[in-house]
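**Q** Got a structure here, written out as structure tokens. Questions coming.
What follows is calculated from the coordinates using simple rules that are stated; it is not laboratory data. Bear in mind the structure is a predicted one, so any value in this text is a computation, not a measurement. All Cβ positions, even for glycine, are placed from backbone atoms using ideal geometry, and neighbour counts span all protein chains on display.
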Amino acid sequence: MTTLDVLREHPFLAGLPEPWLPRLAGHARPVVWHPGYRLFRVDRPAERFWLVRDGRVALDFAVPGRGDVEIETIGPGGVLGWSWLFPPYRWQFGAVAAQRSTAVEFTAEGVRRLMESDDALGRQLTTRFMSVVVDRLHAARGRLLDLYGYPVDAPPAG
């Protein structure tokens, strides 16, 4: 299966006009990660993003005294990375392969150039990535409540 075939089948790109897919494929390549492989850490330069084909990748962030705390797992059909789209282009979370995983990796600079040269493509991708951002914020909020919220059966303070 070619990279272009994978893009045609990935849910994130569903409904995009067919002529856009080869243009995106020109900035993409297949990748494989083994369990434990660290893709990126918070505040490092965000130069890529990925469409996950199979396996699982854990999003995390470092918590003093607790180490890396997982906030969400991205699986088949998922999107990994949005920080490449917005200045200052630094990762907001970290990511590590939880299982053997395959994905299509995109170069951020190349895709940003495509988006700048084609307003319609830029709007479509920005809208789709904003949905990813909202999902990540929702997952982070839920995880923070799990970690630091009061138990439901806790007695009232006072």
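**Q** May I have the pair-distance distribution P(r) for the chain, computed from all Cα-Cα distances with 5 Å bins from 0 and rounded to whole percent?
**A** Calculated P(r), rounded to whole percents: 2, 9, 16, 21, 19, 13, 8, 5, 3, 2, 1, 1, 0.
**Q** Turning to a different aspect of this structure: Using a Förster distance of 30 Å, how high is the FRET efficiency between Glu116 and Arg41, based on the Cβ-Cβ distance and rounded to 0.05? Before the final figure, lay out the partial values.
**A** Numbers: r = 28 Å, r/R0 = 0.93.
That pair, Glu116 with Arg41, gives E of 0.60.
**Q** Taking the chain as the reference, fit the longest principal axis to its C-alpha atoms, fit the long axis of helix 108-117 to the helix C-alpha atoms, and give the angle between the two in degrees, 0 to 90, nearest 10.
**A** 60
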